[in-house]
Amino acid sequence: MLHFTKQEKQVLLLVAAVFTAGSLTHYALGRWPLFRGAVGVVESAEIYPKLDVNTASFEELVGVPYIGEYTARQIIEHRQQEGPFTSLDQVKLVRGIKEKNFAKFSAFLKVPRRP
């Protein structure tokens, strides 16, 4: 059987407490996305100004939260084949974009009105 000193027990208890707190935080952020703002993760138009989806480069699109390289490539490819987007809802027609993901990143995009 292992015998630990008082200091070793305290260190083990501290490590267990930190691990538990980290696990609970990770679970809370995955389970309740709105909780993210309460712990300091801020994603808003103040930090990420809205990006014109018709003129954005690959690098700019990848910089938008919730848009990865694949989605950025698909948006640009769709734009080249079908022409510029006339409304933000047309972005949903891009291959591979699901409603749930669109709802997350659409707040960071815009389609300017044409005169």
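Would you order His26, His3, His78 from fewest to most other beta-carbon atoms within 10 Å of each residue's own beta-carbon?
Neighbour counts put them in this order, fewest first: His3, His26, His78.
I'd like to know which of Gln80, Ala56, Ala103 lies farthest towards the positive end of the charge dipole of the range 51-110, counting +1 on Cβ of Lys and Arg and -1 on Cβ of Asp and Glu.
Comparing the listed Cα positions along the dipole, Ala103 ranks first.
For the range 51-110, compute Rh as the Kirkwood radius over C-alpha pairs and then the Stokes-Einstein diffusion coefficient at 4 °C and 1.567 mPa s; write the answer in µm²/s, rounded to an integer.
Estimated via Stokes-Einstein, D reaches 116 µm²/s.
Order these by the 10 Å Cβ neighbour count, fewest first: Lys9, Lys92.
Ranking Lys9, Lys92 by Cβ neighbours within 10 Å, fewest first, gives Lys9, Lys92.
Straight-line reach from Lys50: which aspartates and glutamates have a Cα under 17 Å away, not including same-chain ones fewer than 8 places off?
Those aspartates and glutamates meeting the cut-off are Glu59, Glu60, Asp89.
Values quoted throughout were computed directly from the atomic coordinates according to the rules given, and no laboratory measurement underlies them. Source: prediction; values computed, not measured. Quick reminder, even Gly has a Cβ in these numbers, built from the backbone with ideal geometry, and neighbours come from all protein chains shown.
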